[in-house]
Every structure is written in structure tokens, then in C-alpha cells.
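Note sheet for the following structure.
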Amino acid sequence: MNVQPDLDFIRSLKEAGGDTLKKCYQCATCSVICPLSKDGKPFPRKEMIWAQWGMRDKLVTDPDVFLCHHCGDCTTHCPRGAKPGDVLSSIRAYAYTFYGWPKPLAKLASSAKGLPILIGLPVVVIFIMWLLSGAMRFPTSEEFSQYGYQRFFGTWDFYWYAKNIFFIVLIMVPSLGLALFSSFKGISTMWKTMSEDAGLNKEYRPSVGQFLKDYLWPSLIEIVKHSRFRECTTNTDRVQGHLPLMLAFIGLAIVTTWSLLKNDVLGLIWPSLHGPMAITDPFKILANISAIALLFGVGVLWANRKKAEAEMNTQATFYDWFLIWEITAVGVTGVAAQLLRWAEMPVTGYIVYFLHLVSVMMLFLYLPYTKFAHLMYRTSAYAFEKYRQSVYATNS
Ligand code: SF4
Ligand code: SF4
């Protein structure tokens, strides 16, 4: 076999935390130790040699790369200190940029060099929206205690649709729309190339409903339950941070969906539904519990990451820390904005609320290119794993 190593790819892996990949001498201890690796095609040994050879196309279409949960069991037991867990993590970081669209944005979100633009872009967009809205002033104490942040983008006489909601939708919906489109595009390409690589049958396919029921839904249940995550033994405390964080995002997604429905659909028929939720509103309670779970979860992940860097000599990477910073920023600014409202501090409250909008926009907009993307790519890899073992993949 004539292997043409992709040297840029190897360099990217080294920069993203996989700098130890050359140390591997293929003893296979890691594949034996890995609690998630299956007998037929064990990982991560084969990925280590492919990474050494710079076989980019082979690795970005390898579902096993996405099935790894970066527990570190293999890294702990590797006799050469090749840190296979970190190498697989760096391959995933590369894959999110590889599949990301638009490419310049994906590239920008892959390294700390892009940070000024990554932060500057939402700051400018939201500031321009604030100027365009004509609000452009801080509220008085009376206005702040009555409306909170409901008039951040001002108010108008149109009874059926609040101006604030209009501007927030104008900022967040295109950001989320771009992220979802980019994720869909990336996952479709990944699935197609994985199927071709695995030589799966193209003619005999399940219906969409059957695919959702037999492959996607069981994968989602496994993810929510963290079943595979719990099989890892070295870093069991990672589940303690990851699980509350995931439940917090589910809680916040429910609240956001209800808020959109209430304001953008039902509010058009019953305008009295506009306005802040009462503190005793079940959705407000869910939002506050989710915010606490988010801060707790990210705190655990932060501590675990620091511990791993110290104890396992894991390299601090932009890929790992950017998501932790982003989530921390969303949680801290969200809670601080609410506390400042209760403390009746309008100027500081508005500045913190502005920063909250910036951090939320960053989380949405960069979702397909940062570590957050594992949410979609790992779920797809779970579904692909089930699919490739099914009658549809093998029947001809
Ligand atoms: S990564 Fe380490 S444990 Fe795995 S095959 Fe290479 S040397 Fe062996
Ligand atoms: S980090 Fe954990 S899940 Fe990933 S390959 Fe190593 S042992 Fe397996």
C-alpha cells in the first residue's frame, strides 16, 4: 500500500493535543483496556497508526473516533505515554473543522488566534442591533424594576409583537439556523463517506420513520442515560459534571422553546402573554434549576480538566477550554443578570445582559465547530454503529 502522509494533518493533530502520537509502538494495550471498544474492530490502536501515517481521510470517516468518550483509561495504561485518548480527541477537533461550513468560520473557531474575531463578531452584531433598535440608553430604576430586560431593545406600539422579542429573534434565530444547517451538512457528508468506506448496501434502506425508531432514538436514549460514559473507570467523576450539564441544556432548550411559542406564536393571538415570567412560573423554576445545574456541571468539568492536565500531563488545548469558557460565560452572565435585576442595578445589569446575549450567540453560532459539536457527531456515530450491524447494511 502506498501511503501519502498528510503532514498538515499531523501538524494539526499535534497542535490540538495529539503531540504524543509518534510515541505509539502498537502494543495494543489501549484497545484491550478501552471499555467501549468492540471485539471486531477495536480502537484506538488502529487510529494511532493511521494518525502516525497522516491518513486524514481514513480517520475523519472512522466512526470509532467519535465513539470514544475521552475517559483516559487507555492513556493511563499506555506503556509509552502516547496518550491515545488525547490523540482521538485531537482527531475529533480536526474533524469538526473538516466538516464545518462555512469553512472560514470553522477554521477561525479552531484556534485561539481567532478569539478576537470570535468574540468581536457577536459584540458588533448585538451592538449594531441595539443602535438600530433605537433603544440606546440605560433604563431608570423605576423602568428597570418594572420591565427588567424586557425593553433592552426598546418598545413600540405594535401590541401583538414585542420589539425586544423581535430583535432577539433577529439575532439568535439566524445564528442557530446557520449552526443547524452546518451541522446537518457535516453529518450528512460524514454519514455518506462512512457508508462508502464501510461498503454498506446502498439499495436496501429503511424508511425515515424506521431509521428514527430503530437507530436514532435508541442512540439518543443511550446518550441521555450516559450508559457508555459510565463504563469508563479512570475518570468516573467526569459523568458527575457531564450529566448535569447535559440535563441543564435540555431544561434550557425546553424553556427557550416555550418562550418562543409563548411570545412568537401564542402571543400574536393573546398579546397579554408577552412579558417576563413570574418567579413562581414552572418554566421560570425550570430555567433557574437548569442554570444552577449548568454552573455546577461546568464547575466539575473545569476542575476535572485542571486535574487531568496536572495528573496525566494532558496538554491544555483551545478545543477543550473554549467550550468550558463559553458555557461558564453563559451561566455566569445569565445568573448575574437576574441577581442584578433583583438588586435593582440597571446600568450594570444592562451591561451584563449585553454580555449574556454575546455569550449565547457565541454558543449557538460556533456550535458545529467547537467541542459542542460532539453532541451531533457522537449521536450520529452511535446510530451509524447500530445501522452498520443491521440487516439494511448487509443485505444485498
Ligand atoms: S497507544 Fe500506547 S497502548 Fe496503544 S498501541 Fe500505542 S503504545 Fe500501545
Ligand atoms: S479515552 Fe477511553 S473511550 Fe477513548 S479510546 Fe481511550 S479508553 Fe477508549
For TRP156, distant residues with modelled amide H under 5 Å away:
LYS163
Under the 0.36 nm per residue contour assumption, what length would be gained going from the current alpha-carbon distance of LYS23 and GLU231 to full extension?
72.2 nm
Taking the Cβ of ARG230 as the center, what net charge do the other residues with Cβ under 13 Å away carry, scoring Lys and Arg +1 and Asp and Glu -1?
-1
Compute the helix-to-body angle for 115-133: its Cα long axis versus the longest principal axis of the chain, expressed 0 to 90° and rounded to tens.
30
Using a basic spin-label model with each label point 7 Å from the Cα along Cα→Cβ, how many nm lie between LEU115 and LEU247?
3.3
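For a quick check: sort GLU231, GLU142 by the number of other beta carbons within 10 angstrom, fewest at the front.
Taking fewest neighbouring Cβ atoms as first place, the list is GLU142, GLU231.
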Residues LEU67, LEU115 in order from fewest to most other beta-carbon atoms within 10 Å are LEU115, LEU67
The chain: D in µm²/s via Stokes-Einstein (Kirkwood Rh, Cα pairs, 25 °C, 0.890 mPa s)?
107
Give the calculated FRET efficiency between TRP270 and TRP217 to the nearest 0.05, with a Förster radius of 30 Å applied to their Cβ-Cβ distance.
0.30
FRET E, pair GLU203, LYS58, Förster distance 35 Å, beta-carbon r, rounded to 0.05:
0.85
Quick note on VAL265, VAL173, VAL335, VAL358, ordering by fewest other C-beta atoms within 10 Å, gives VAL265, VAL173, VAL335, VAL358
Label points 7 Å out from Cα along the Cβ direction at TRP325 and LYS41: separation in nm?
3.6
Per-residue ³J(HN,Hα) for the stretch 272-282, Karplus 6.51 cos²θ - 1.76 cosθ + 1.60, θ = phi - 60°, Hz, x for Gly and Pro:
5, 6, 5, x, x, 7, 5, 4, 8, 4, x
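Each reported figure results from applying straightforward, stated rules to the coordinates on display, with no laboratory input. Given the structure is predicted, the values throughout are model-derived calculations rather than measurements. Glycine also receives a Cβ, built like all others from the backbone with ideal geometry; neighbour counts cover every protein chain displayed.
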